[in-house]
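The values are calculated or read from the model by the stated rules, or taken from the named source; none is laboratory data. Fair warning: this is a prediction, and the values are worked out from it, not measured in the lab. A quick note on method: Cβ atoms are made from the backbone with ideal geometry, for glycine too, and the neighbour counts reach across all protein chains shown. Note: areas computed on protein heavy atoms with side chains; ligands, DNA, RNA excluded. Shrake-Rupley method; radii C 1.70, N 1.55, O 1.52, S 1.80 Å.
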Amino acid sequence: MHPAFLYMPGGRLSVSELSAARLDGHVVELGEGYIPADLVEGAALRAQAIASLIPAGTAASGPTAAWVHAGGAPPPARHHVSRTSAQRLRIDVDRRVTFHDRRVEPAEVSLLSSVRVTTPARTMTDLLLGTRRGPDFLIWARLLADALPTAVEQAEQEIESLHRVPGRRQALEALAALGFRKT
């Protein structure tokens, strides 16, 4: 995807110009920006649309990564990022971003339009382990499972291999609720 197709407010067009173009049906909102209404949306485009919210040394994770990989819904109200650097970070994140200080291994991160995003399998694992935090995680897990069913199998193997991890039982129950595991 060429970056010329992603209009960020305050860039080439002001917020008021983009709003008028949206009302006229020329552009639609995508993440933090706007794209032409006839452009096919993909994972790389969604990743680029939230690039300004992903600080250096982190990767989009959880519901944000699910939205990037699967789409099909408006982006989450609060974006999630996880640390990718070996050392701890002291960063000032946007108020719409939740920073998770647990480290994501390099093998569990993919690069989409120069934006780091957790892989679908890692994203599904995080979402299933996060179902104890609220029902939104299960909704995002369902969207990701519908778009990328292989991520479910890999996440199930990962969760079964975990021992003494908070949320493991709830994650396996969430897999059963999604219809991917027999109880």
Helix 135-147 against the longest principal axis of the chain: what's the angle in degrees, Cα atoms only, rounded to the nearest 10? 80 degrees
Calculate what fraction, in whole %, of the accessible area of the chain sits on carbon and sulfur atoms when a 1.4 Å probe is rolled over the protein chains. 52 percent
Angle between the chain longest axis and helix 168-177 axis [Cα atoms, degrees, rounded to 10]: 70 degrees
Of all trypsin sites (Lys or Arg not before Pro) in region 115-171, which ones are in loop regions per DSSP and have a Cβ with at most 16 other Cβ atoms within 10 Å? Arg164
Peptides ranked, highest mean first, by Cβ atoms within 10 Å: ranges 64-70, 6-12: 64-70, 6-12
How much of the DSSP beta bridge set in region 28-107 is antiparallel, as a percent to the nearest 5? 60 percent
Which far-off residues, 5 or more places away or on another chain, put their amide H under 5 Å from the one on Val115, with H placed in the peptide plane? none
Roughly what % of DSSP beta bridges within region 19-160 run antiparallel, to the nearest 5? 65 percent
accessible surface per residue for region 104-171, probe 1.4 Å, DNA/RNA/ligands not counted, whole Å² -> 54 Å²
The helix 149-161 Cα axis meets the longest alpha-carbon principal axis of the chain at an angle in degrees, between 0 and 90 and rounded to 10, of 40 degrees
Distance from the Cα centre of region 56-75 to that of region 1-37, in angstrom? 20 Å
